[in-house]
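Some notes on the structure that comes next.
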Amino acid sequence: MNVNPTPTTNGTHQQIPHITFNLPKNKSFNILFTIICLLIIIGLYYFNLPVFSFKFASLYISIMFALLLLARNFLPKNLKKVMVGLAFLSFASMIVFSILSQPLFRSADYRNLLGQVKETEFQKLISPINLDQIPIVDPAFALSLAEKKLGDDFALGSRVILGNPTRQMINGHLYFAIPLLHSGFFKWLTNREQGTPGFIIVSATNPQDIQFIRDVNGKPVHLIYQPNSFWDQNLKRIIYMSGIRNLGIGDFTFELDDQFHPWWTVTIYDHKIGLMGSDAIGTAIVNPETGNVTYYDVKDTPGWVDRIQPSQFVMWQLDFWGNYIHGFWNTMFGKRDMLMTTEGYNVIYGTDNKCYFYTGMTSVGADEGAVGFMLVNTRNKETHFYKISGATETAAMSSAEGKVQNFKYSSTFPILLNVSQIPTFFMTLKDTAGLVKMYAMVSVKDFSLVGVGESVKQARDAYINALSMQRNTNVSLSGNDKISIQSTVTRIGSDIKNGRSFYYVIVASQPNIVFIVNTDLSDFLPVTNIGDPVQLEFLSATDQTVNLLSFTNLKLQKGKEQEQVKN
């Protein structure tokens with residue numbers, strides 16, 4: 001404290017104290033603040049898991065934030081300015097690289113992300129239908145069935161929720177695998193040692209086949225490491241901490257191997273176009289009970305893994321392939337030859353038993369017309385393009401719903417089938433409660449050709465009848481699957497369904513098959529008797545009941561021809 005003399009009014013000086021404080025810098029506070037900043041940076045690293053690659057924006061943002069925090073500590077003023085400048089440079093670099101990664105500058109790279117697209121004949125990859133293997137259960141229905149199964153255990157249902165259903169092929173059968181997940185932080189905290197007890201599988205072809213799997217080969221199943229776990233048990237964090245820090249981690253899929261052991265299959269991806277162009281490059285397979293992580297390249301991923309490519313990546317790349325056929329400026333002005341994916345996609349299996357994403361392709365600006373459809377291998381992204389003009393999935397769904405509009409059923413997203421070499425949409429029709437009530441088949445080429453029924457077989461039969469009765473249509477039945485026989489009627493009967501007459505015929509040469517035919521195909525059906533020679537035409541099938549494409553009573557036909565000659 002300094003004391004200075006102060007003059008008075010009479011000219012004398014009075015000593016009035018003038019206090020000046022000279023405090024030293026509070027280094028303890030600055031150190032404490034720096035420690036807090038470092039803890040914040042460590043916390044952001046632990047919780048946000050930034051990708052340590054200049055191909056990802058998270059690295060630039062993390063660097064910028066860390067530099068700005070550290071610039072607040074006891075560093076010299078000039079060094080603070082340097083750190084703030086570096087933070088600004090990090091942010092500016094991210095903006096510049098992001099702009100340079102846009103399709104305006106890299107449209108050709110975006111189009112090529114999908115890789116080679118093969119034009120393929122429909123029959124070579126989509127196998128003829130097997131009624132027993134048609135997936136009549138969609139993901140929403142599978143989840144509903146699993147919830148009912150879970151509801152049988154009231155105590156368990158209060159602490160777990162169901163994860164996303166994954167459709168996959170296991171030992172030649174289609175299933176939905178649905179994991180049990182923690183319902184929240186406190187549920188995880190009280191059950192972190194044992195995790196959740198198992199998973200549920202639902203047959204995709206039989207809604208009555210629902211199994212709650214609590215153990216595999218006599219060993220209890222505990223899903224400890226999962227997306228709904230926290231801290232050191234969180235699925236993404238253990239993959240990140242295992243060493244995968246310079247690549248993207250996403251698309252957590254619950255899959256089963258051929259022995260029904262559960263695994264998490266997680267896509268590892270990179271950016272191929274600057275800061276954009278996400279593309280799968282491998283898979284991290286995680287044991288949900290031990291937390292062990294194994295990384296595989298795409299080509300080395302075990303064969304039981306059906307899904308490597310995220311559906312979102314594939315749909316983006318299909319749109320890039322269709323949009324940038326003539327570069328960026330064509331998308332803005334000319335729009336020549338541009339294609340885009342239709343609304344929605346599905347998962348199907350080809351004749352090679354491989355898993356594919358299916359979606360239609362339509363011209364930009366088209367309403368209900370498709371120019372073809374795509375099948376993209378869910379493992380290696382091998383892409384097949386089928387140039388078949390016809391209806392979009394949305395139009396087919398509306399057509400099926402219109403067939404039963406009095407019931408007000410809603411259609412699920414279609415699955416693509418091969419019905420006698422004809423591309424066909426198959427879908428289920430649900431009531432307002434989400435229960436499957438009917439099934440429908442709709443021709444891709446002509447969505448006015450619809451068959452519906454209360455079973456898959458009835459829908460197939462009605463669809464084939466619609467195809468066979470249609471005279472002026474661009475849909476034609478393949479001659480490769482047609483069979484024509486001549487034989488003698490051994491039994492014949494009739495029935496009326498929905499106001500239409502159907503006849504059931506058994507012939508001597510095919511005693512184990514009942515042939516079904518309606519009166520629209522022949523006027524001679526009502527007067528056909530046992531012992532009459534007939535000619536039948538039908539599609540190759542393994543069923544015991546077969547719908548006829550044509551029916552000719554040779555005896556009555558001959559008589560008619562003779563009568564015409566006399567006249």
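The values are calculated or read from the model by the stated rules, or taken from the named source; none is laboratory data. Quick caveat, the model's predicted, so the values are computed rather than measured. Heads up, the Cβs are rebuilt from the backbone with ideal geometry, glycines too, and the neighbour counts pull from every protein chain shown. Side chains included, ligands, DNA and RNA excluded: accessible areas come from the protein's heavy atoms. Shrake-Rupley method; radii C 1.70, N 1.55, O 1.52, S 1.80 Å.
With contacts defined as alpha carbon pairs under 8 Å and 6 or more residues apart, what's the relative contact order of segment 268-331 in percent?
About 21 percent, as a whole number.
For Rg and Dmax of the Cα atoms in Å, one of (1) 34.4, 157; (2) 25.4, 86; (3) 23.7, 77 was computed from the structure I shared and the rest are decoys. Which label?
Correct label, based on the coordinates given: (1).
Would you work out what percent of the accessible area of the chain, with all protein chains in place, is carbon or sulfur (probe 1.4 Å)?
54
For the chain, what does the accessible surface come to per residue with a 1.4 Å probe? Please give it in Å².
The answer is 51 Å² per residue.
Between residue 351 and residue 105, what is the label-point separation in nm under the 7 Å Cα-to-beta-carbon projection?
4.7
What pairs from 236/335; 80/272; 124/445; 482/555; 148/299 go past 30 Å between their alpha carbons?
236/335; 80/272; 148/299, as the Cα separations exceed 30 Å there.
Percent relative contact order of the chain, based on C-alpha pairs within less than 8 angstrom and at least six residues apart?
Contact order relative to length: 9 percent.
Taking a label point 7 Å from the Cα of residue 132 along the Cα→Cβ vector, which residues of segment 424-449 have an amide N closer than 12 Å to it?
Nothing falls inside the zone, counting backbone N under 12 Å.
Alpha carbon centre of segment 381-399 versus segment 283-350: separation in Å?
With segment 381-399 and segment 283-350 each reduced to a Cα centre, they are spaced 17 Å.
Among 425-432, 437-444, 336-343, 356-363, how do they line up by average Cβ neighbours within 10 Å per residue, starting with the highest?
Packing order, densest peptide first, comes out as 437-444, 356-363, 425-432, 336-343.
Extension gain residue 343-residue 214, at 0.36 nm per residue separation less the Cα-Cα distance, in nm?
Stretched fully, the residue 343-residue 214 segment lengthens by 42.7 nm.
Considering only protein heavy atoms, with the full assembly of protein chains and a 1.4 angstrom probe, order 214, 491, 237 by accessible area, largest first.
Most to least solvent-accessible, the answer reads 491, 214, 237.
Run lengths n ≥ 4 of DSSP H only: what is the helix-derived mean residue ellipticity at 222 nm for the chain, with -39500 (n - 2.57) per run over all residues, to the nearest 500?
Using -39500 (n - 2.57) per qualifying helix, the result is -8500 deg cm²/dmol.
Please work out the FRET efficiency for the pair residue 550 and residue 363, using the Cβ-Cβ distance as r and a Förster radius of 25 Å; give the result to the nearest 0.05.
E between residue 550 and residue 363, to the nearest 0.05, is 0.10.
Mind giving me the nanometre distance, one decimal, between the label points for residue 97 and residue 36, set 7 Å out from Cα along Cα→Cβ?
3.2
Can you list which of the DSSP-assigned H helices in the chain have a Cα extent of 27 Å or more along the long axis and an average Kyte-Doolittle score of at least 0.5?
The qualifying helices are 27-48, 77-100.
I'd like the FRET efficiency for residue 261 and residue 388, computed as 1/(1 + (r/R0)^6) with the beta carbon distance as r and R0 of 41 Å, rounded to 0.05.
0.55
Any idea how far apart residue 231 and residue 246 come out in nm if each label point goes 7 Å out from Cα toward Cβ?
In this crude spin-label approximation the distance works out to 3.2 nm.
Taking a cut-off of 16 Å between Cα atoms, list the lysines near residue 430, but don't count ones fewer than 8 places away on the same chain.
By straight Cα distance, residue 430 reaches 403, 408.
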